[in-house]
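Structure, as structure tokens:
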Protein chains: 2
Amino acid sequence: VGTLRADARRNRDQLVDAAGALFAERGPDVPMEEIARRAGVGVGTLYRRFPDRDALVRAVAFESFHRVVANARAAAGEPDGWSGLTRFVRQSTADMRLATWLSLWFARTLAEMRLEHEHEELRDELLGLLDRLVVRAQREGVMRPEVGVGDLAVLLALVLRPLPGPLAAVTERTVERHVTVVLDGLRARPGDPLPGRPLTREDLGRPGGDA
Amino acid sequence: VGTLRADARRNRDQLVDAAGALFAERGPDVPMEEIARRAGVGVGTLYRRFPDRDALVRAVAFESFHRVVANARAAAGEPDGWSGLTRFVRQSTADMRLATWLSLWFARTLAEMRLEHEHEELRDELLGLLDRLVVRAQREGVMRPEVGVGDLAVLLALVLRPLPGPLAAVTERTVERHVTVVLDGLRARPGDPLPGRPLTREDLGRPGGDA
């Protein structure tokens, strides 16, 4: 995209923003015409930038993923690990959820075999940043010691994915409550440890390897 | 089924058990021939009892649902509410998960418009039993006060639903860890209350009403 003229680049950004907003509101099946209309461009322009829906969905997911990684970088700079981690989760809920809506987060984007190289690097960076935040929060004594970054990633993927059917609207309204319940469940406290062993980055599978 | 001869009834039970086990192992697309083989009956017998896959899936989900409700009835008799609730959740994980695998739990079985009357009664009974356990556990001071039975139901539905793709195997292995994290997140503790308001039975929608 480096050679796009300025207005083509602006059209592209407007299309990705409009598609992201409409996907978040109504899922990834929104008519392409509506996306073009919301972006203020013609359908011809849309298809010149994104030859099919898949290309547009990938672009939206990619932008979301970039914002998530940017949030994790900022969180890594916080003086305490638990605050950094919880701030990251709260800031990233909408973007992680958007990617989830698109069925790309984890199921395809993070675990699919044929990832773009850049995407693979972002995934590694994200899991590395979160891993260090988890370790720091555990050293501070605030986070329960028997979880790994894989547990965090899987729990977020589970709780952020909307329920199907008519309950999708309910999960839309309650996602922040339920993310908070999960974060509270990850706090250190006296009591029985979790069954099983901590889930690591490796347990999530490598892109191109077995998951 | 009251008029089935004893061996026909036995065949039916064997088919439902075999289908439940195979659905749990491999999802609802297992070939019908394998289900018949595991049940020790011929394919002809299978199709005589269950004209299509849908009928079999419904029967399996229905049996699971019956076991879940039976667990809730037993939990209601426990002397303390929180123990009853956590025991119910642990006992019912496999059955609720099975129904989830079948995409029936919540998405169709609990929220679909055209529920059988008996199913609707079971759903009402289950939510009523859980509601009373939640209220008791809150009075005991063990469960956080600002959640409703709807929060419990939605959180369980979220955390019990396997992730799609290659991560399905991961969630299969970690479901008990992650259910425990959610239960711990529902315990009372000093700190900020959850954002939003408690989710009630009514928020889950009525079968036949708007969800």
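The values are calculated or read from the model by the stated rules, or taken from the named source; none is laboratory data. All figures in this text were calculated on a predicted structure; none of them were measured in a lab. With ideal geometry, Cβ positions are generated from the backbone for all residues, glycine too; neighbour counts draw on all protein chains shown. Surface areas here come from the heavy atoms of the whole protein model, side chains and all, with no ligands, DNA or RNA. Shrake-Rupley method; radii C 1.70, N 1.55, O 1.52, S 1.80 Å.
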Most mobile listed residue (B:ARG136, B:ARG48, B:ARG201) in chain B, GNM with C-alpha springs under 10 Å | B:ARG48
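Treating only the Cβ atoms of Lys and Arg (+1) and Asp and Glu (-1) as charged, compute the dipole magnitude of chain A about its Cα centre; round to the nearest 20 debye.
Working: 31 positive and 31 negative charges, 86 e Å.
Value, rounded to 20: 420 debye.
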Given charges of +1 on the Cβ of Lys and Arg and -1 on the Cβ of Asp and Glu, with all other atoms neutral, how large is the dipole of the protein assembly as shown about its Cα centre, in debye to the nearest 20?
-> 40
Enclosed volume per residue, in Å³, of the convex hull spanned by Cα atoms of the protein assembly as shown = 167
For chain A, the spread of Cα positions along each principal axis, largest first, Å = 60, 39, 35
Considering chain B as a Gaussian network with a 10 Å cut-off on Cα pairs, which listed residue, B:PRO162, B:PRO79, B:PRO28, attains the greatest mean-square fluctuation?
-> B:PRO79
Which distances in nm, rounded to one decimal and ordered from shortest, link the label point of A:TYR47 to the equivalent label points in the other identical copies, with labels set 7 Å from Cα toward Cβ?
-> 4.4
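So, for region A:1-54, what is the accessible surface per residue at a probe of 1.4 Å, expressed in square angstrom? Don't skip to the end; give the middle numbers.
Values: 3140 Å² over 54 residues.
Computed with neighbouring chains in place, this is 58 Å² per residue.
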Amide H contacts of A:MET143 (H built 1.01 Å from N, under 5 Å, at least 5 apart or other chain) | A:GLN138, A:ALA188
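Mind grabbing the interface size between B and A? I mean buried accessible area, both sides, 1.4 Å probe, in Å² to the nearest hundred. Walk me through the intermediate numbers first.
Details: alone 11280 and 11260 Å², together 18820 Å².
When B and A are taken together, about 3700 Å² of accessible area is lost.
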Nearest-to-axis residue of chain B, judged by beta-carbon position, where the axis maps B onto A, in Å = B:GLY185, 1
Please calculate the 1.4 Å probe accessible area of A:ARG10, with all protein chains present, and give it to the nearest 10 Å².
-> 130
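Compute the FRET efficiency between A:ARG90 and A:ALA6 as 1/(1 + (r/R0)^6), taking r as their Cβ-Cβ distance and R0 = 30 Å, and round to the nearest 0.05. Please report the intermediate quantities before stating the final value.
Working: r = 35 Å, r/R0 = 1.16.
The value I calculate is 0.30.
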Can you run phi through the Karplus equation (6.51, -1.76, 1.60; θ = phi - 60°) for region A:17-30 and list ³J(HN,Hα) in whole Hz, with x for Gly and Pro?
-> 4, 5, 5, x, 5, 6, 4, 5, 6, 9, x, x, 9, 4
